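Enquirer: There's a structure below that I have some questions on.
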Amino acid sequence: MTSKKLVAASSEPLVLSILAQGESYGYAIIQRVRQISKETLQWTDGMLYPILHRLERKSLIVAHWQEGDSGRRRRYYRLTRNGMRALVEEKREWDSVHATLMELWGGSNA
Amino acid sequence: MLDFEERMAEWRRELTAGGALRSWQVEELEDHLRTAYSFTLEEFASESEAWRAALDRTGCVAAITQEFAKEQTMRPQSKALGIALTIGLLLFALQSGPGGVTLFVHIPSMIFVLALVGGGLVASFGPARLGHALQASLRASAPLEPTEVDSLVAVFQRGYRLSWMAGVLGFIVGFIQMIANLPDPSMLGQGLATCSLCLFYAALLAEIAFANGRQWLENRTLTAEYLG
């Protein structure tokens with residue numbers, strides 16, 4: 001199980017990256033995270049929503065309701081231009097952390 | 001047999017009970033739970049197992065409520081409470097002192113400060129934009145784009161600065177009045193009153209009205225559904 005710290009730190013870039021691939025809704029986003037991480041990242045689903053709302057507050061994503069077949073509505077999210085910019089920045093930061101760690105770990109005879 | 005709709009309604013009630021979630025947020029989570037259930041139904045043999053699994057996956061109500069509570073923003077009741085508390089306690093403090101509240105009522109100073117601030121604002125922005133800014137800061141609904149907020153905040157920013165300036169000017173005016181009337185001590189009182197009370201009114205106007213108004217506007221760079 002991945003540490004809580006890492007899960008928390010990675011949650012926003014993960015959501016942004018998934019939305020960068022196209023508009024989606026809560027459940028589908030979580031499924032995608034599970035799928036891509038090959039089940040190593042297991043979120044408690046409900047926790048995703050405050051993250052989505054926070055990203056929405058920061059204007060990184062926007063949401064709209066869509067009427068479903070059963071008369072219920074579903075909230076869909078998509079990335080904004082600001083969100084795309086933020087994602088690019090996140091990627092840069094993660095890449096740099098990753099490169100540094102790889103440098104340190106790759107060098108040892110582990 | 002599992003009474004799904006009843007369980008769902010109960011879960012919804014629990015989630016709403018915490019008070020941390022708005023109705024649309026509960027609606028969103030309900031959609032999630034229903035979707036989760038539709039999938040677990042395929043994975044598990046019995047309906048109750050599937051329901052359990054869907055619930056576990058979605059997360060316990062207490063934890064969800066806690067997470068949402070962290071993100072919560074201000075209710076309009078808090079605004080009203082804050083202002084009422086400030087003014088109420090201030091009046092109480094003044095009344096308890098020698099001379100009571102009437103000691104602090106000085107019409108010429110009030111007019112002076114209000115005229116400068118009001119006039120300055122009208123000159124800078126025009127009455128239409130002022131009305132809009134006032135309305136915007138008091139309303140709890142309707143979303144605001146960040147750029148829209150900036151232009152409205154400018155009004156409050158200017159008002160804040162004008163208030164303090166009016167206070168300082170009032171102080172100087174009162175001071176001059178005192179100096180001009182030094183030979184006649186009975187007139188000193190007027191000058192001194194103008195001095196201090198202009199600054200007093202200016203500070204109140206700046207910090208209670210404009211600073212709060214501005215903060216309320218900035219709080220509204222959120223979607224409508226978060227407030228009120």
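The values are calculated or read from the model by the stated rules, or taken from the named source; none is laboratory data. Note that the coordinates shown come from a computational prediction; the quantities given were computed from them, not determined experimentally. All Cβ positions, even for glycine, are placed from backbone atoms using ideal geometry, and neighbour counts span all protein chains on display.
Enquirer: Among B:S23, B:S78, B:S96, B:S38, which is the only one that is free of Cβ contacts under 8 Å to residues at least 12 places away in the same chain, surrounded by fewer than 13 Cβ atoms within 10 Å (Cβ to Cβ) and at the interface with chain A (Cβ under 10 Å from one of its Cβ atoms)? Quick ask: steps written out before the conclusion?
Expert: On the way: B:S23 fails: at the interface with chain A (Cβ under 10 Å from one of its Cβ atoms); B:S78 fails: at the interface with chain A (Cβ under 10 Å from one of its Cβ atoms); B:S96 fails: at the interface with chain A (Cβ under 10 Å from one of its Cβ atoms).
Only one candidate qualifies: B:S38.
Enquirer: Cβ contacts < 8 Å: first residue over 12 Å from A:I30 (Cα atoms), restricted to the range A:43-68; second residue assigned to a strand (DSSP E or B) and of a type in the set (A, V, I, L, M, F, W, C), any location; separation 6+ or different chain. Result?
Expert: The qualifying pairs are A:L55/A:I61; A:E56/A:V62; A:E56/A:A63; A:L60/A:L79; A:I61/A:L79.
Enquirer: Further question: Under the condition of being without any contact (Cβ under 8 Å) to a residue 24 or more places away in the chain and of a type in the set (A, V, I, L, M, F, W, C), which residue from the range B:99-113 is surrounded by the fewest Cβ atoms within 10 Å (Cβ to Cβ)?
Expert: Pass one, the range B:99-113, residues without any contact (Cβ under 8 Å) to a residue 24 or more places away in the chain: B:99-103, B:105, B:107, B:111.
Okay, now just the ones that are also of a type in the set (A, V, I, L, M, F, W, C), so B:101, B:103, B:105, B:107, B:111.
Numbers: B:V101: 14, B:L103: 13, B:V105: 12, B:I107: 8, B:I111: 11.
Looking at residues that are without any contact (Cβ under 8 Å) to a residue 24 or more places away in the chain and of a type in the set (A, V, I, L, M, F, W, C), I get B:I107.
Enquirer: Related question: Would you check if there is a residue in the range B:150-167 being more than 17 Å from B:A206 (Cα to Cα), touching a helix residue (DSSP H, G or I) at 6+ places or on another chain (Cβ under 8 Å) and buried (at least 17 other Cβ atoms within 10 Å of the Cβ)?
Expert: No: the range B:150-167 contains no residue that is more than 17 Å from B:A206 (Cα to Cα), touching a helix residue (DSSP H, G or I) at 6+ places or on another chain (Cβ under 8 Å) and buried (at least 17 other Cβ atoms within 10 Å of the Cβ).
Enquirer: Got a number for residues in the range A:4-43 being farther than 21 Å from A:H98 by Cβ, loosely packed, with under 13 Cβ neighbours inside 10 Å and among the polar types (S, T, N, Q)?
Expert: The number of residues fulfilling the criteria is 1.
Enquirer: Taking the range A:62-110 as the region of interest, how many residues are closer than 16 Å to A:E23 by Cβ, of a type in the set (A, V, I, L, M) and away from chain B (no Cβ under 11 Å)?
Expert: So the answer is 3.
Enquirer: When residues of the range B:157-211 are filtered for being more than 17 Å from B:H106 (Cα to Cα), under 29 Å from the mean Cα position of the chain (by Cα) and of a type in the set (G, A, S), how many remain?
Expert: Of the residues in the range B:157-211, 4 are more than 17 Å from B:H106 (Cα to Cα), under 29 Å from the mean Cα position of the chain (by Cα) and of a type in the set (G, A, S).
Enquirer: Could you list, ordered by first residue, the pairs with Cβ atoms under 9 Å in which the first is in the range B:189-212 and closer than 18 Å to B:L121 by Cα and in a helix (DSSP H, G or I) and the second is of a type in the set (D, E, K, R) and at pLDDT below 90, at least 6 apart or interchain?
Expert: Taking only residues 6 or more apart or on different chains, the pairs are B:N212/B:K79.
Enquirer: Could you please find all residues in the range A:12-56 being among the hydroxyl-bearing types (S, T, Y), more than 11 Å from chain B (Cβ to nearest Cβ) and within 12 Å of the chain's Cα centre (by Cα)? Give the steps one after another, and end with the answer.
Expert: Initial filter on the range A:12-56 (among the hydroxyl-bearing types (S, T, Y)): A:17, A:24-25, A:27, A:37, A:40, A:44, A:49.
This time we only want the ones that are more than 11 Å from chain B (Cβ to nearest Cβ), so: A:17, A:24, A:37, A:40.
The answer is A:S17, A:S24, A:S37.
Enquirer: Does at least one position in the range B:148-163 carry a residue that is at pLDDT below 85 and over 13 Å from B:R214 (Cβ atoms)?
Expert: Scanning the range B:148-163 turns up at least one residue that is at pLDDT below 85 and over 13 Å from B:R214 (Cβ atoms).
Enquirer: B:A45 fails exactly one of the following numbered conditions: (1) hydrophobic (A, V, I, L, M, F, W, C); (2) assigned to a loop (DSSP other than H, G, I, E, B); (3) within 22 Å of the chain's Cα centre (by Cα); (4) surrounded by fewer than 17 Cβ atoms within 10 Å (Cβ to Cβ). What is the number of that condition?
Expert: Just one mismatch for B:A45, condition (3).
Enquirer: Hey, which of the helices (runs of 4 or more DSSP H) in the range A:1-61, taking only ones fully inside, have at least 1 residues that are of a type outside the set (A, V, I, L, M) and over 23 Å from A:E93 (Cα atoms)? Step through it out loud before you land on a result.
Expert: On the way: elements: A:4-20, A:26-36, A:48-57.
Answer list for the range A:1-61: A:26-36, A:48-57.
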